[in-house]
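The next block holds one structure in the form of structure tokens; read it before the comments.
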Amino acid sequence: MSEYDILIIGSGPGGYVAAIRAAQLGLKVGVVERAYVGGICPNWGCIPAKALLRSAEIYHYIEHAKDYGLVAEKIGVDIAGVVKRSRGIAAQMSNGVGFLLKKNKVDTIWGEAVITAPGKVSVKAVEGAPKGWLPAGDYTAKHVIIATGARPRALPGIEPDKKLIWTYFDALAPASLPKSLLIMGSGAIGVEFASFYRAMGSEVTVVELLPQILPVEDEEIAALARKRFEKAGIKIFTGAKVSKVEKGADSVTATVETADGKVQSMTAERLISAVGVVGNIEGLGLEALGVKTDRGCVSIDGLCRTNVPGIYAIGDVAGPPMLAHKAEHEGVICVEAIAGKHPHAMDKLKIPGCTYCHPQVASVGLTEKKAKDAGYDVKIGRFPFIGNGKAVALGESDGLVKTIFDKKTGQLLGAHLIGAEVTEMIQGFVVAMNLETTEEDLINTVFPHPTVSETMHESVLDSEKRAIHI
């Protein structure tokens, strides 16, 4: 039996970052993993999805080479090559996580973990152990962190079968391109795959239960995104639901109830179920230990502590927003709290969200509606990409930056962006919010020219009716 200061169940972004930070603080730490070194993000999530989307982006630009004064002929899609590149990048990232754990002298244990009592973890052997990982067995630790992530949610009667009905796992590695595709759900996963497959030539239809696509985003930004998606040929139904799916030999037929009360039948070669994820809380022994859960996730406080002393949870398994960077930050907070470093509790309003569709969408803080509902008297700034020289030069003049301030104090309440590279730009607003920056501070900041980031400055100026270039 090996004893640790901290034992972490799961090696995803939350788990491995927590392990490395714990090692930096001089703690003896171990990580238990049962399937993918590095978790879902580098293997079957964030990274391979972005690799696919990069291929789609390049193909899109090649198709529009004439717009840039270039000639490109006899172009096409080699989906096997696209998937091979994506899977190679995923393997590289996974191997990188393994290297980092070894470099930081983190013990790695391969198997399926069950917490048998506070401080006691039993690991059952599973196949596929990487070379050098410790075997299954019984381990003890002063503190146990649950970082088991989440899995795709399956709706009754529409369960994924890996052939006709896909999860994002299946959609990341298609054997061939479907001619037609029906996507249930228009969150980040749904619209990213809609963008990818549409760019690759598939006919894509998106069905969303709520009144707007990208439901967590600002209404104005979501409306602009919908307009761009539909311009690209993506069919979108909001306020609609898939009530039934019938499988054919090589297609699915969905019964869709639309917002106007009509019922219609839609047939596509494949269906992607992108209706959210659910935490991996089963089989960990949580119920026997009395660990509280809520709607499929482990309940925690701001320092990632559960209601049972010595047991913690971070990342997707600990609830929304289910984002890798949130998991990483929670991992650091959790470990530093254990080590007595007094970290700040997680402030979920300052967690940025990024969607890598075309065009990209990024946001942080309150939407306009939520700010008003919270009682703020707001002032809004907007600046379109058409007024930005760099965006025009890039051929990416269709975009918008929207900023929301408290009229009374000047506090930046939210920022919402759509357009080229906004997933890189959003961090400027995240830093500003974290430093409690006001609109005056941002107005007095010098932004480099020519950059697309100047749209951020102009949006802030517009909140004071001082925008220069529009």
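The values are calculated or read from the model by the stated rules, or taken from the named source; none is laboratory data. What you are looking at is a predicted structure, and each value in this text was computed from that prediction instead of being measured. All Cβ positions, glycine included, derive from the backbone under ideal geometry; neighbour counts span all protein chains shown.
Per-structure values
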| quantity | calculated |
| --- | --- |
| Residue satisfying all of: in segment 150-205; among the basic types (Lys, Arg) and either outside any loop (DSSP other than H, G, I, E, B) or over 17 Å from the mean Cα position of the chain (by Cα) (or both); surrounded by the most Cβ atoms within 10 Å (Cβ to Cβ) among these | ARG198 |
| Per-region count, segment 368-389, residues over 30 Å from PRO450 (Cβ atoms) and of a type in the set (Phe, Trp, Tyr) | 1 |
| Out of LYS241, LYS262, LYS292, sole residue that is among the charged types (D, E, K, R), within 29 Å of the chain's Cα centre (by Cα) and more than 22 Å from GLU159 (Cα to Cα) | LYS292 |
| Sole residue being assigned by TED's automatic domain parsing to the domain that holds GLY331 and at pLDDT below 95, chosen from LYS74, LYS28, LYS103 | LYS74 |
| Output for segment 313-354, where each listed residue is over 22 Å from the mean Cα position of the chain (by Cα), at negative phi and outside any helix (DSSP H, G or I) | ALA339, LYS341, PRO343, HIS344 |
| Any chance GLY419 is closer than 15 Å to LYS350 by Cα and under 30 Å from the mean Cα position of the chain (by Cα) | no |
| Which listed residue is hydrophobic (A, V, I, L, M, F, W, C), part of a strand (DSSP E or B), touching a residue at least 40 places away in the same chain (Cβ under 8 Å) and surrounded by fewer than 24 Cβ atoms within 10 Å (Cβ to Cβ), from VAL216, VAL245 | VAL245 |
| Test: residue in segment 44-67 that is part of a helix (DSSP H, G or I), under 28 Å from HIS342 (Cα atoms) and of a type outside the set (Lys, Arg) | no |
| Subset of segment 258-277 (residues that are crowded, with 18+ Cβ neighbours inside 10 Å and either more than 29 Å from CYS297 (Cβ to Cβ) or aliphatic (A, V, I, L, M) (or both)) | MET266, ALA268, GLU269, ARG270, LEU271, ILE272, ALA274, VAL275, VAL277 |
| Pairs, first surrounded by fewer than 13 Cβ atoms within 10 Å (Cβ to Cβ) in segment 49-73, second outside any helix (DSSP H, G or I) and of a type in the set (Phe, Trp, Tyr), C-beta under 6 Å, six or more apart | none |
| Single match in TYR356, TYR376 (criterion: among the aromatic types (Phe, Trp, Tyr), farther than 28 Å from PHE196 by Cα and touching a residue at least 24 places away in the same chain (Cβ under 8 Å)) | TYR376 |
| Flag for GLY119 being in contact (Cβ under 8 Å) with a residue 24 or more places away in the chain, on the phi > 0 side of the Ramachandran plot and surrounded by fewer than 19 Cβ atoms within 10 Å (Cβ to Cβ) | yes |
| Breaking point among (1) farther than 26 Å from THR167 by Cβ; (2) touching a residue at least 60 places away in the same chain (Cβ under 8 Å), for ALA268 | (1) |
| Subset of segment 129-149 (residues that are in a strand (DSSP E or B) and among the aliphatic types (A, V, I, L, M)) | LEU134, ALA141, VAL144, ILE145, ILE146 |
| Conditions (1) in a strand (DSSP E or B); (2) over 30 Å from THR403 (Cβ atoms): number failed by ILE236 | (2) |
| Residue selected from segment 429-470 under the condition over 18 Å from ILE380 (Cα atoms), under 30 Å from the mean Cα position of the chain (by Cα) and not hydroxyl-bearing (Ser, Thr, Tyr), by the criterion surrounded by the most Cβ atoms within 10 Å (Cβ to Cβ) | VAL452 |
| Qualifying residue in segment 363-370 (condition: farther than 30 Å from GLY233 by Cβ, assigned to a helix (DSSP H, G or I) and either outside the structural domain of GLU217 (by TED's automatic domain parsing) or without any contact (Cβ under 8 Å) to a residue 12 or more places away in the chain (or both)) | yes |
